[in-house]
Amino acid sequence: MPPANRVDDRDRGWRDLLRRAQALQGKAWVKVGILADSDRGGLHQQGPDGKSSPLTVAEIAVVNEFGTEDGKIPARSFLRSSFDESQDELTALSAKLIAAVVLDGKMDAIRALNLLGMKFASIVRNKVVGGDQVPPPNAPSTTRRKEAKGKWNKRGKAQAAGAGVRTLVDTGRMVGAIAWAVVIGDDQRAESYIGR
C-alpha cells in the first residue's frame with residue numbers, strides 16, 4: 001500500500017503578516033496642517049496692544065490658503081501646493097512605510113504614520129519659510145507696510161526692496177502651528193510639531 005498523502009502546514013510568517021495587515025484595516029491615517037483643534041492652531045493671535053485677534057491661527061491659515069471672498073487677500077496655497085509638489089515623494093515614502101509595517105514588521109502603524117506626518121509637515125514648513133515666496137507676490141503697499149513693521153526674512157544679505165518680505169500673513173505663528181496627528185479608528189493621538 002502506498003504511503004498516505006500528508007500535508008504539512010508550516011507557518012513561516014504568514015499569520016504574522018496577515019495580523020499586521022489586518023491591524024491597518026479601517027481608519028488609520030495622519031492629518032497634517034494648521035489643526036484648529038490643536039494647542040497652537042486654535043490660539044487667537046495677540047497683538048502688541050495685548051488684545052486678541054478674532055481669528056485663530058488656523059483661521060488665518062485658511063485665509064492664506066484660499067484667500068478672501070472679496071479678493072482683497074488672494075489665495076496663497078502653501079498646503080495644497082506643497083502636497084501637489086511632493087505627491088510622488090510622499091507616495092514612495094508611504095510604500096516603504098507600508099512594507100516596513102506589513103511585510104517586515106519593523107515598525108507599527110503609529111510610528112509609520114508619525115514619520116509620514118513629520119515628512120509632510122517639514123515640506124510645508126520649508127515652503128513657508130524657504131527662500132521661494134508663496135505666490136502671488138504682495139502688493140507694493142503691503143510690502144512697504146511689512147518692511148516698516150520689520151516683518152521680513154532677515155537672511156544676512158542685502159536684498160532688493162521688498163525681496164525678503166514674506167507673502168503669507170502671520171508666518172511665524174503659522175509655522176509654529178504646523179502639526180500632524182495620527183488617527184487610528186476614532187482615536188486621535190496628540191498632535192506633534194516640528195522643532196524650530
Give the residue, chosen from Ile110, Ile73, Ile60, that is within 28 Å of Gly13 (Cβ to Cβ) and either in contact with a Gly (Cβ under 9 Å, 6 or more places away or on another chain) or not hydroxyl-bearing (Ser, Thr, Tyr) (or both). Ile110
Please verify whether Thr56 is in contact with a strand residue (DSSP E or B) (Cβ under 6 Å, 6 or more places away or on another chain) and β-branched (Val, Ile, Thr), treating the condition exactly as stated. yes
Could you check, for segment 167-178, whether at least one of its residues is over 15 Å from the mean Cα position of the chain (by Cα), at pLDDT 75 or above and of a type in the set (A, V, I, L, M)? yes
For segment 69-101, which positions are surrounded by 12 or more Cβ atoms within 10 Å (Cβ to Cβ) and of a type in the set (Val, Ile, Thr)? Ile73, Ile98, Val101
Give, as residue ranges, the strands (runs of 3 or more DSSP E) completely inside segment 1-97 that count at least 1 residues that are at pLDDT 95 or above. 28-34
Identity of the residue in segment 110-154, at pLDDT below 90 and hydrophobic (A, V, I, L, M, F, W, C), that ends up surrounded by the most Cβ atoms within 10 Å (Cβ to Cβ): Val128
Selection count where residues are among the aliphatic types (A, V, I, L, M) and more than 23 Å from Trp14 (Cβ to Cβ), scope segment 76-107: 4
Residues in segment 15-24 that are loosely packed, with under 14 Cβ neighbours inside 10 Å and either under 16 Å from Ser94 (Cα atoms) or under 23 Å from the mean Cα position of the chain (by Cα) (or both): how many? 1
Any residue at all in segment 108-119 that's in a helix (DSSP H, G or I), among the β-branched types (Val, Ile, Thr) and in contact (Cβ under 8 Å) with a residue 40 or more places away in the chain? yes
Checklist (1) part of a loop (DSSP other than H, G, I, E, B); (2) more than 24 Å from Thr167 (Cβ to Cβ); (3) not charged (D, E, K, R) applied to Ala100, failing item: (1)
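The values are calculated or read from the model by the stated rules, or taken from the named source; none is laboratory data. Quick caveat, the model's predicted, so the values are computed rather than measured. Ideal geometry is used to build each Cβ from the backbone, glycine not excepted, and the neighbour counts take in all protein chains shown.
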